[in-house]
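Notes to accompany the following structure.
Where a number appears in this text, it was derived from the coordinates with a stated rule and is not lab data. Everything numeric here is computed off the predicted structure, so don't read it as measured data. Counting neighbours? That spans all protein chains shown, and the Cβs are built from the backbone with ideal geometry, glycine included.
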Amino acid sequence: MCSELVHLVDDSIVDSDTSLKLAAISGLEVLSNRFPSNYSTFSTCLTSIVRNINSDNLAIASGCLRTTGALINVLGPRALSELPHVMENVLRRSNDVSSDGKTNFSENSSSVVSNSKQSLLLSILVTLEAVIDKLGGFLNPYVGDVIKLMVLHPQYASGSNSKMRTKADSVRRLVTQKIPVRLALPPLLKIYPEAVSTGDSKKNVINAMIVLTMKLTETMFKPLFINSIEWTESNVEDCDMGSPNRAISFHGLVNKLSENHRSLFVPYFKYLLEGCIRYLTDGEDVKNVNLMRKGKKAKLLEASDDRKEGSNTLSLEKWHLRALVISSLNKCFIYDTGSMKFLDSSNFPMVLLKPIVSQLTVEPPASLEEHPEIPGYYL
């Protein structure tokens with residue numbers, strides 16, 4: 001029976017009869033679920049089904065993607081020979097749905113385009129779920145593309161469709177469970193700068209990074225964390241000029257790391273101390289310390305006078321950043337229970353106390369109520 005169904009799928013004569021070809025594709029999916037022990041038969045079926053993922057008919061392409069997932073679930077490592085073709089076709093079809101929500105296929109009806117697109121995207125998730133689950137150890141050449149797709153594709157990141165969101169979340173969880181950390185984390189860090197421009201994508205990156213860091217040793221985690229700080233500090237001048245987007249994203253990650261790792265993460269605040277002071281004071285305290293070290297008393301007094309004359313109301317972005325910094329410091333203080341105390345006399349009274357207390361006089365931005373995702377107070 002399987003050979004007859006494959007013949008119908010491949011036969012160009014029945015291309016005009018979409019319903020017949022779809023029935024054959026669906027039949028193979030059902031058979032693979034009902035009789036999973038027929039490995040040799042389903043191996044030959046997989047080759048044909050994968051080839052037809054490239055069909056110009058979106059319904060057939062979607063059906064072949066779902067059946068590919070079902071066959072891989074049955075075959076497991078026996079499907080390895082087809083993995084390059086599977087990934088090539090899956091990634092190509094994902095690119096066929098452009099980021100602006102349109103497809104590269106010609107259809108007569110906009111409603112047909114929308115429904116076909118949703119079906120195609122869901123079917124891609126079905127295939128990826130099976131590939132990651134059964135062949136995750138062999139995905140090294142494709143990990144970067146898979147992570148980029150799952151994190152940055154607007155349909156998978158936005159969560160506007162509940163069914164799509166549930167399936168996408170399932171695939172993202174599988175990535176953290178089935179793909180080794182040493183393979184998953186570098187491409188995740190690589191797409192982080194692009195993800196920060198999209199709220200939903202940024203959340204997905206942070207959540208994935210938190211799960212992955214739970215599996216890292218300190219030797220593996222420390223250099224990655226320091227690299228993240230360097231990436232954040234690389235545009236510190238832009239941050240001072242009012243565009244602290246990187247710092248906002250980074251301290252959102254710091255908050256999550258503090259929340260999940262608790263006392264284990266406290267020692268890493270020594271790398272954040274100078275940055276925290278800079279963000280809480282618009283860099284004035286850091287500048288003043290440097291000026292004092294250089295003996296430039298006149299410039300120190302001038303900087304102090306300029307600060308007094310300045311407005312005490314922050315921009316929305318700087319308020320958001322300061323709120324995250326204070327929140328992360330609050331978690332640090334709560335979880336500072338280890339033998340190596342962060343809150344010693346050299347850090348808190350001498351360095352952090354004044355910048356933290358100074359926040360009590362800061363007025364929130366007038367537009368704060370229009371942005372409920374941004375906290376209205378620091379703690």
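Distance between the 7 Å Cα→Cβ label points at ASP10 and PHE35: 1.9 nm.
Applying 1/(1 + (r/R0)^6) with r as the Cβ-Cβ distance of SER3 and SER160 and R0 = 41 angstrom yields a FRET efficiency of 0.45. Rg over Rh for segment 1-88 works out to 0.93, both radii taken from alpha-carbon positions and Rh defined as the Kirkwood radius.
Distances between every pair of Cα atoms in segment 312-379, grouped in 5 Å steps from 0 to the bin holding the largest one, split as 3, 15, 23, 22, 14, 11, 7, 3, 1 percent. Each residue of segment 211-220 was assigned a 3J(HN,Hα) from its phi angle through the Karplus expression (A = 6.51, B = -1.76, C = 1.60, θ = phi - 60°), giving 4, 5, 5, 5, 9, 8, 7, 4, 4, 7 Hz with x at Gly and Pro. The ellipsoid that matches the Cα gyration tensor of segment 145-197 has semi-axes, each √(5λ) in whole angstrom, of 19, 15, 6, with the longest given first.
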